[in-house]
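Have a look at the structure below, then the notes.
Just so you know, all these numbers are worked out from the coordinates, no wet-lab data involved. Every value quoted in this text rests on a predicted model; they were computed, and no experiment measured them. Every residue, glycine as well, gets a Cβ built from its backbone with ideal geometry; the counts of neighbours run over all protein chains shown.
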């Protein structure tokens, strides 16, 4: 993503055309981040707009030694986490399981086959089918690269709970991939 200095200067001066142009350039990147964290597209778009406003209001803090795309992703993720904290009025019920007690009698899916058979939309739908907290923790850990300690601090949970959510999410995603592959073979 190449952003010219003239465009950034125009945005800093509140030039609406420059801001709109920057929005169009950043839209796909920011929407992709939002859709990983929000279940509904309308929620994702609302979050995207809030995040973009934060980007515009913080352009003076942007350091040119950091890639612009990484900088806007970080702001968007922080906006989503802030929104999650603010809106979390009732903690979600969490079912704890000890996965080591379960017998591993199921066949594992062939992930090369999964890669060939599943499309990005299907994988996104599977991610969105996870419970909200598990989806957020999994995205932060597996996709955005945060540590369990960082996630625990951001979401106000323990590191153990963060690890549980990642483990639970991986298992559920494996089950969904296997189920999707078995139904596609039958057809």
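The table for this structure:
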{"item": "Which of 124, 79, 66 has the fewest Cβ neighbours within 10 Å, and the rest in rising order", "result": "66, 124, 79"}
{"item": "Additional length obtainable on full extension of the chain from residue 170 to residue 85, 0.36 nm per residue less Cα span", "result": "28.2 nm"}
{"item": "Alpha-carbon centroids, the range 130-155 and the range 1-80: separation in whole Å", "result": "21"}
{"item": "Shape category assigned to the range 5-87 from the gyration tensor of Cα positions, a/c cut at 1.5", "result": "prolate"}
